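Q: Quick one: this structure, given as structure tokens, is what I'll be asking you about.
The values are calculated or read from the model by the stated rules, or taken from the named source; none is laboratory data. Note that this is a predicted model, so its numbers are computed, not measured. Note: ideal-geometry Cβ built from the backbone for every residue, glycine included; neighbour counts use all protein chains shown.
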């Protein structure tokens, strides 16, 4: 095993983790506010679809990425209505099927393959190893890495963050303090879905520019696990996403890894999932926000 | 010989027109309305089946179950096109198509649902579910159930079931032969979907064909366990290109797009696609596509069904039925050396005449067989 392979594994791992990282950061915000956003996979698929559609229409990759933001917001409002206002059971797998339907109608047939170029950051990309691994990535990857500290600040250093965390821990007390729990949760779900939807779009932007049915391949559910693994802390979530991305990248290098190449391909393919499961098991006991997944009924409201 | 170009994909223009008609609708999420409006547009724009004459309806209905979707630009779409062509040209009823089915229980349930609905012919276009073919055929004796790209021993095959098999290893073999003669680095890659005999024979067929052209060729093989995971396919191809591979053979479905993207990230990197002429998707990297004429095979099976010709046996379709032809090189024609083109034509003729015997699925369906098969046995009489 030589340095080229190590660099390739980590660089590919970082690229692979990008959509998952966006989604996990978004999910963390919703869960901190007390909403278990299970619609994550579907929202990612919508982001992917919108981005691919914009590219197909000739609007460019960035237009596609930016378009995912309002679409995420609209989906967030719809999901928040279901979960916060209607107190619905939080499973909305139906929207995955909807993307397939939309794809049939809008994007049937082949498109031209395109993707975001890698951007080398001057100076930083010249650092041996680290430069090649971290600083030669597509722009959406840098943005995801920048988003992590921003989400951390939002959650832990702002009034808004304090309010939504209280809505996720002790909603009744939050209400007593004069805050509107539904309004906080609505905002959190909308912000959450914007990030998740953008993550779905980033998947298209860094892979092929084209949508295929179920292109997210379960990454939304991986993001759910990574949020738990990262214990709702954006910095730890970056670590969790990286662990997943690198273990996924490793399988594709297995052929070049000498003695390891004799392992059956199934072993490599299951590696990212095994790593995620083991990490969740080994990590110190993590605790969901107290009121996560529990519908909240404002005092005095009729049910 | 320049490979012929079967008419597999003629829907681009109509769809683009339809798309333009809908540009304004999607953005705000007016989903149901948008879908309906575009559906109408597409019909108006000429549909997808081209100018074939429409046959009078016959009392025969067909249902298709496939691992891909009718728009995957690959295996699923090619099968579906075959059903559509049969509906237009033979007048059969297209009862429906269940897409993205992976596991045997999904095939069994969906197949049973169609059989219950009165389907005369149920096609399962997934080589990994022979048990579903047997189960549905046994439970619904009035329907005929046929499975693609699989083998079922005659003793286990119910009287109303059959298998039909495009001999994909032959096309993959010629693709490997071409790749080895075209490669400048002497290293080839394969990115494949799942490891099961009907797919493995393509991977190993490619490998064997490459060795037949150049015994010293190196072929890296990776299974990504997905038909649709574009990111995984891209990462797998990236790893191979980084290791010096200059031509990657794709044996997965829509995830293939990721391989194209990986090829586009560097110079002198090419892809040989499968199932569907993928030239339009990435004209700068798609060297050629291996076409298994799945559309023609599917249509032929439906024709045999309407004629009552299907017996409980395994039907196979080889190069002589257009299964395994290579698509044109288009603007990458200059990348392929003239000598390679001549030799490729000779090998294809040899396969058709039986001078070169590409082993069947029993041999090539096993991982590693392409690298270990005795080259001398290929031409032994």
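Q: Tell me whether the range B:48-61 contains one or more residues that are under 30 Å from residue B:178 (Cβ atoms), at pLDDT below 75 and within 25 Å of the chain's Cα centre (by Cα). Don't jump to the end; show me each part of the working.
A: Step one: of the range B:48-61, the residues under 30 Å from residue B:178 (Cβ atoms) are B:50.
The next check asks that each one be at pLDDT below 75; those that pass are B:50.
With within 25 Å of the chain's Cα centre (by Cα) added as a condition, the list becomes B:50.
Within the range B:48-61, one or more residues are under 30 Å from residue B:178 (Cβ atoms), at pLDDT below 75 and within 25 Å of the chain's Cα centre (by Cα).
Q: For the range A:17-38, what are the residues that are farther than 17 Å from residue A:233 by Cβ and within 11 Å of the chain's Cα centre (by Cα)?
A: A:18, A:19
Q: Working only within the range B:97-118, note down all residues that are within 25 Å of residue B:252 (Cβ to Cβ) and outside any helix (DSSP H, G or I).
A: Of everything in the range B:97-118, those that are within 25 Å of residue B:252 (Cβ to Cβ) and outside any helix (DSSP H, G or I) turn out to be B:97, B:98, B:99, B:100, B:101, B:102, B:103.
Q: What number of residues within the range B:162-215 are touching a residue at least 40 places away in the same chain (Cβ under 8 Å) and part of a loop (DSSP other than H, G, I, E, B)?
A: 9
Q: Okay, moving on. Scan the range B:347-367 residue by residue and report those that are farther than 18 Å from residue B:174 by Cβ and surrounded by fewer than 12 Cβ atoms within 10 Å (Cβ to Cβ).
A: Passing the criteria: only B:362.
Q: Of the residues in the range B:312-346, how many are surrounded by fewer than 14 Cβ atoms within 10 Å (Cβ to Cβ) and assigned to a loop (DSSP other than H, G, I, E, B)?
A: Matching residues across the range B:312-346 total 2.
Q: Further, regarding this structure: Report yes if residue B:129 is buried (at least 24 other Cβ atoms within 10 Å of the Cβ) and either at pLDDT 95 or above or over 30 Å from residue B:326 (Cβ atoms) (or both), otherwise no.
A: Values: buried (at least 24 other Cβ atoms within 10 Å of the Cβ): yes; either at pLDDT 95 or above or over 30 Å from residue B:326 (Cβ atoms) (or both): no.
Considered against the rule, which asks whether it is buried (at least 24 other Cβ atoms within 10 Å of the Cβ) and either at pLDDT 95 or above or over 30 Å from residue B:326 (Cβ atoms) (or both), residue B:129 comes out as no.
Q: Within the range B:253-264, track down each residue that is touching a strand residue (DSSP E or B) at 6+ places or on another chain (Cβ under 6 Å) and in contact (Cβ under 8 Å) with a residue 40 or more places away in the chain.
A: Scanning the range B:253-264 gives B:256, B:259.
Q: Residue B:352 passes all but one of (1) touching a residue at least 60 places away in the same chain (Cβ under 8 Å); (2) part of a helix (DSSP H, G or I); (3) more than 30 Å from residue A:263 (Cβ to Cβ); which number fails?
A: The number of the failed condition is (1).
Q: Right, next: Quick check on the range B:222-244. Is at least one of its residues surrounded by fewer than 24 Cβ atoms within 10 Å (Cβ to Cβ), more than 23 Å from residue A:138 (Cβ to Cβ) and free of Cβ contacts under 8 Å to residues at least 40 places away in the same chain?
A: Among the residues of the range B:222-244, at least one is surrounded by fewer than 24 Cβ atoms within 10 Å (Cβ to Cβ), more than 23 Å from residue A:138 (Cβ to Cβ) and free of Cβ contacts under 8 Å to residues at least 40 places away in the same chain, which makes the answer yes.
Q: To continue, here is another question. Out of everything in the range B:216-238 that is assigned to a loop (DSSP other than H, G, I, E, B) and more than 24 Å from residue A:118 (Cα to Cα), what residue ends up being farthest from the other protein chains (Cβ to nearest Cβ)?
A: B:216
Q: Does residue B:78 meet the test of being modelled with pLDDT of 50 or more, assigned to a helix (DSSP H, G or I) and within 25 Å of the chain's Cα centre (by Cα)?
A: On the way: modelled with pLDDT of 50 or more: yes; assigned to a helix (DSSP H, G or I): yes; within 25 Å of the chain's Cα centre (by Cα): yes.
Against the criterion (modelled with pLDDT of 50 or more, assigned to a helix (DSSP H, G or I) and within 25 Å of the chain's Cα centre (by Cα)), residue B:78 qualifies.
Q: Determine the pairs where a residue that is without any contact (Cβ under 8 Å) to a residue 40 or more places away in the chain, located within the range B:83-112, has a partner that is assigned to a helix (DSSP H, G or I) and surrounded by fewer than 17 Cβ atoms within 10 Å (Cβ to Cβ) with Cβ atoms under 6 Å apart, the partner being 6 or more residues away or on another chain.
A: From residues that are without any contact (Cβ under 8 Å) to a residue 40 or more places away in the chain, the pairs are B:104/B:131.
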